Amino acid sequence: MMDKNNNEWPNVGDFVVCTVKNVTDFGAYVTLDEYGDKEGFIHISEIKAGWVKYVRDYVREGQKIVCKVLKVDPNRRHIDLSLKDVNEHQKREKIQQWKNEQKASKWLQFVAEETGTDEKTLSNLKSIFTDEFGSPYAAFEEAAMYGEDAFENIKIDKSLEEKITKIAQDNIKIPYVEIAGYVDLTSNAPDGIENIKQALNDADSTKENYSSNVKIDISYTGAPRYRIKVNAPDYKTAENALKNAAETATNTIRNLGGKGEFYRHIEATSA
């Protein structure tokens, strides 16, 4: 998440990025980087599973660590933390999330400077992105994948949309997935070839239902089979696009008196 202000507190169970401030014989004091540098404490019993003789064997001043929140007492301004309750996967995931939100914060600040956006509007934009996408960085990811269409359900200034989209597409590499399926199309009608072409054209036109990041390619593999290949940002979108294209092709050819069948996978056959 984006760095919080001084009025916000973490929830019990949250994973938080901390900087070790002071190491003592009975534990370590840290500051929570995402929460206005609020102070937290890791008791020696929460440093590592098992007996710990020297806390400094495991943490040192200035070190960045990921902790789990055990207890929060805003009245006493006290936060109890655990280091031992964070596994390597959780640590890596949280650090990556934190780094991403640091990037998003810098990008939004740049957007604000380029568009003359004031701090109040910028703060409101961060809140909108958190509510709508889960985090500001997630908003940039959506913009990288879907362009300005990512913001069609929220009301923000057009200049902000354009600038955010440009920064997102310049800085975030979208991982693409590729899947394929096959359709068998046959027609005994006098104009059967034209009917098959129509079915394939209809299937190809389904790409207009998706953003420019979805690619649909149809190729001939040998009568009566055609291959439909889809490239998309994620499997769910790819599977949806493939299914839609295949159903469109088979429905068209059937409506024209022919036959159509869709195969998600083709089993290899021996010669």
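When the residues of region 152-185 are filtered to those that are surrounded by fewer than 15 Cβ atoms within 10 Å (Cβ to Cβ) and in a strand (DSSP E or B), the one that is nearest to the chain's Cα centre (by Cα) is Val177. In region 63-102, the residue that is surrounded by the fewest Cβ atoms within 10 Å (Cβ to Cβ) out of those that are β-branched (Val, Ile, Thr) and closer than 16 Å to Glu34 by Cα is Ile95. For Ala199, the criteria (1) surrounded by fewer than 17 Cβ atoms within 10 Å (Cβ to Cβ); (2) touching a residue at least 60 places away in the same chain (Cβ under 8 Å); (3) out of contact with any Phe, Trp or Tyr (no Cβ under 8 Å at 6 or more places or on another chain) hold in every case but one, which is (1). Give me the residue from region 218-246 that is at pLDDT 90 or above and hydrophobic (A, V, I, L, M, F, W, C) and, out of that set, farthest from Gln169 (Cα to Cα). Among residues in region 218-246 that are at pLDDT 90 or above and hydrophobic (A, V, I, L, M, F, W, C), the one farthest from Gln169 (Cα to Cα) is Ala246.
Modelled with pLDDT of 95 or more, in a helix (DSSP H, G or I) and either in the same structural domain as Gly116 (by TED's automatic domain parsing) or within 30 Å of the chain's Cα centre (by Cα) (or both), is that true of Ala249? Please lay out each step first, then the result.
Values: modelled with pLDDT of 95 or more: yes; in a helix (DSSP H, G or I): yes; either in the same structural domain as Gly116 (by TED's automatic domain parsing) or within 30 Å of the chain's Cα centre (by Cα) (or both): no.
In short, no.
With respect to (1) of a type in the set (Lys, Arg); (2) surrounded by 14 or more Cβ atoms within 10 Å (Cβ to Cβ); (3) at pLDDT below 90, the lone exception for Arg254 is condition (3).
Close contacts from region 26-38, counting a first residue that is under 12 Å from Val59 (Cα atoms) and without any contact (Cβ under 8 Å) to a residue 60 or more places away in the chain and a second that is of a type in the set (Val, Ile, Thr) and part of a loop (DSSP other than H, G, I, E, B), with Cβ to Cβ under 6 Å and a gap of 6+ residues or different chains, come to Ala28/Val59.
Results for (1) at pLDDT 95 or above; (2) in a helix (DSSP H, G or I); (3) among the aliphatic types (A, V, I, L, M); (4) buried (at least 20 other Cβ atoms within 10 Å of the Cβ), shown as yes or no for each residue.
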site	(1), (2), (3), (4)
Leu108	no, yes, yes, yes
Ala112	no, yes, yes, no
Thr121	no, yes, no, no
Ile128	no, yes, yes, no
Asp131	no, yes, no, no
Ala139	no, yes, yes, yes
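The residues of region 216-243 that are aliphatic (A, V, I, L, M), out of contact with any helix residue (DSSP H, G or I) (no Cβ under 8 Å at 6 or more places or on another chain) and buried (at least 17 other Cβ atoms within 10 Å of the Cβ), listed by number, are Ala238, Leu242.
The values are calculated or read from the model by the stated rules, or taken from the named source; none is laboratory data. Treat the numbers as computed from the prediction; the structure is a model and nothing was measured. Note that we place each Cβ from the backbone using ideal geometry, even for glycine, and neighbour counts take in every protein chain shown.
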